[in-house]
Amino acid sequence: MENPLIPKSSRYVNDRNFGVFVDQSAWTLGVQIKVPLSITNPRDDDGDDDDPEDIHNKRAKATMMLPPEEVFAPVSGQVVWARDYTFRRPPIYGPAAGENDEGSYCLMIRDEWSIVYQIFGIDGGTVSLREGDTVLRGDVLGHALREGFSIEPPSTEPPADHLAFKADRHVSFYPYRFRSIQVRVSRPDPSWTEWKSPDEAGWQYFHPLHAFTEGKNYRSSITPYGSPTLIYFAKPSTDPLNTPPNAYATSNDFWTPTLQGPTEIIVGYEYFQQTPGDPADGMDNLAVYALDVAFKKKVDGERAPMRGMECDLGGTTDPTGVSEEDRKYWRNVFEHSKLPNNWTPAPSPLTQSNATMKEGEGEPYRWTSKLFAHYMPAFSHGRFFPEKITSQFDEKSKTLYYSAARTVRGEPKIGGAFNVQDVIDQEGEEGGRGKYRLVVRARDYWGNVGCIASDVLLT
């Protein structure tokens, strides 16, 4: 549920955000489990058959078929929805709209607490259940879809295009294009009198890990880490979705960054959840579960932050940055424990007649919301020859930059920014102008933390 879909073109056809298509971005409302292909040998990405390994792979295919992957009911309850479903995939607009959409199947199971578990990715031809049937936890619902997914999408129109060349021919243009089982945990709108499509506005989505566990003692041990390990500071853009802000300072500058008034705080993080049973392995890159920011004034005579302990605020605080006694310093930017669908509903199907529909003309793809209150689609750094920096979280790449300043916990705001005057106006020794320790802390669902820190001057 932390993961967004933020597609980017390899060509700057949408230069307002350096190739990032904010109008085709959306939340991922559940968790995804990758389904292995039926053929387990490496795929031939260069499209020829003249390599020795290609010949070997052809001979191996007949003996490397995997059996059907059974999908089991995660809970006991009643089947309230069992119908075909289509995942919308970019390009959403234009002549190629719909060509990359993924045909799938959706089963909804309502448990005794009226929590609805939405399960996608099952082969509809293997489902024998009908709406109204009762299932028990562990019953086989059907088989997961393995095949029917091309190595490259049918349409490579932007933003689904790829680079003109690959640095290594053994690396796919689309490393994150694969079949998956997706599970969403939700509650329906209490005013509904009938069950509605997963894309209908009104569903309240919860983080699935709140409902599922890998065992009483299971937890991932991989912490989020800064990528890159620096903080960018910028003045807010007057139009965040169309005009990327320009960062005027970073935590790596020779001079201590000076912050005044409303300020954008931008950080990059990577996170990999531990593969169950294999502590050395991390699954595909994920977005972080929560983000916090803290300011603490540096006072002469107090303990300085420990070298190498980025979460350390100094003074009498806990160097690990997780002590409950230090909560007064931390401001929660976001926590993806639940996501109202009326913030960013999933995309609704498009027809050819409205494929080019624009914002304000019905908005068939309801993306305009709070997604980019948490994620920074694009920004630049530098004054004379600015570097263009972007987020991208799609089938080609997974890189995310976060806004650690646009909102506090609650309903996000795209146009928000952190006003350093709020820190200066604090009473006592914790307020006033001067040098502060700024720490941005990322958390995963299990409570593991990773921090990026900087000294700043508040004036």
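In the range 418-430, of all residues being part of a loop (DSSP other than H, G, I, E, B) and more than 19 Å from Phe334 (Cα to Cα), the one that is modelled with the lowest pLDDT corresponds to Glu427.
Across the range 139-155, the number of residues qualifying as assigned to a loop (DSSP other than H, G, I, E, B) and of a type in the set (Gly, Ala, Ser) comes to 3. Taken across the range 158-176, residues that are at pLDDT 90 or above and in contact with a helix residue (DSSP H, G or I) (Cβ under 7 Å, 6 or more places away or on another chain) do occur, with at least one present.
The residues in the range 160-193 that are over 23 Å from Ala211 (Cβ atoms) and either polar (S, T, N, Q) or in contact with a strand residue (DSSP E or B) (Cβ under 6 Å, 6 or more places away or on another chain) (or both) can be counted, and the count is 4. Taking the condition exposed (fewer than 14 other Cβ atoms within 10 Å of the Cβ), of a type in the set (Asp, Glu) and assigned to a loop (DSSP other than H, G, I, E, B), does Glu112 pass? Yes; evaluated as a whole, the condition is true for this residue. Given the criteria surrounded by 12 or more Cβ atoms within 10 Å (Cβ to Cβ), of a type in the set (Gly, Ala, Ser) and not assigned by TED's automatic domain parsing to the domain that holds Glu69, does Ala211 qualify? Yes, satisfied. Would you check which residues across the range 298-328 are basic (Lys, Arg) and over 14 Å from Ala453 (Cα atoms) and list them? Arg303, Arg327, Lys328, listed by residue number.
The residues listed here are Pro240, Pro262; of these, the one that is buried (at least 17 other Cβ atoms within 10 Å of the Cβ), in contact (Cβ under 8 Å) with a residue 60 or more places away in the chain and in the same structural domain as Lys388 (by TED's automatic domain parsing) is Pro240.
Within the range 140-165, which residues are free of Cβ contacts under 8 Å to residues at least 40 places away in the same chain, surrounded by fewer than 13 Cβ atoms within 10 Å (Cβ to Cβ) and within 15 Å of Tyr176 (Cα to Cα)? Matches in the range 140-165: Ser150 only. Looking only at residues that are among the β-branched types (Val, Ile, Thr) and either in a loop (DSSP other than H, G, I, E, B) or in contact with a helix residue (DSSP H, G or I) (Cβ under 9 Å, 6 or more places away or on another chain) (or both) in the range 372-417, which one is modelled with the highest pLDDT? For the range 372-417, the residue satisfying everything is Thr390. With respect to the conditions (1) modelled with pLDDT under 90; (2) exposed (fewer than 13 other Cβ atoms within 10 Å of the Cβ); (3) acidic (Asp, Glu), Glu194 lacks only one, and its number is (1). Scanning the range 118-138 for residues that are surrounded by 13 or more Cβ atoms within 10 Å (Cβ to Cβ) and not in a strand (DSSP E or B), which turns out nearest to the chain's Cα centre (by Cα)? Looking at the filtered set, the residue picked out is Gly121. Go through the residues of the range 280-293 one by one and say whether even a single one is in the same structural domain as Leu438 (by TED's automatic domain parsing), under 16 Å from Asp455 (Cα atoms) and touching a strand residue (DSSP E or B) at 6+ places or on another chain (Cβ under 9 Å). Within the range 280-293, one or more residues are in the same structural domain as Leu438 (by TED's automatic domain parsing), under 16 Å from Asp455 (Cα atoms) and touching a strand residue (DSSP E or B) at 6+ places or on another chain (Cβ under 9 Å). Taking the stated definitions as given, is Gly450 over 18 Å from Ile265 (Cβ atoms) and not aromatic (Phe, Trp, Tyr)? It is false that Gly450 is over 18 Å from Ile265 (Cβ atoms) and not aromatic (Phe, Trp, Tyr).
Of the residues that sit in the range 84-107 and are assigned to a strand (DSSP E or B) and within 20 Å of the chain's Cα centre (by Cα), which one is farthest from Ile119 (Cα to Cα)?
The selected residue is Glu102.
Considering (1) touching a helix residue (DSSP H, G or I) at 6+ places or on another chain (Cβ under 9 Å); (2) on the phi < 0 side of the Ramachandran plot; (3) not acidic (Asp, Glu), the lone condition that Gly98 does not fulfil carries the number (2).
The values are calculated or read from the model by the stated rules, or taken from the named source; none is laboratory data. This one's a predicted model, so the numbers in the text were calculated from it and none came from an experiment. No Cβ is skipped: glycine too gets one built from the backbone with ideal geometry, and neighbour counts run over all protein chains shown.
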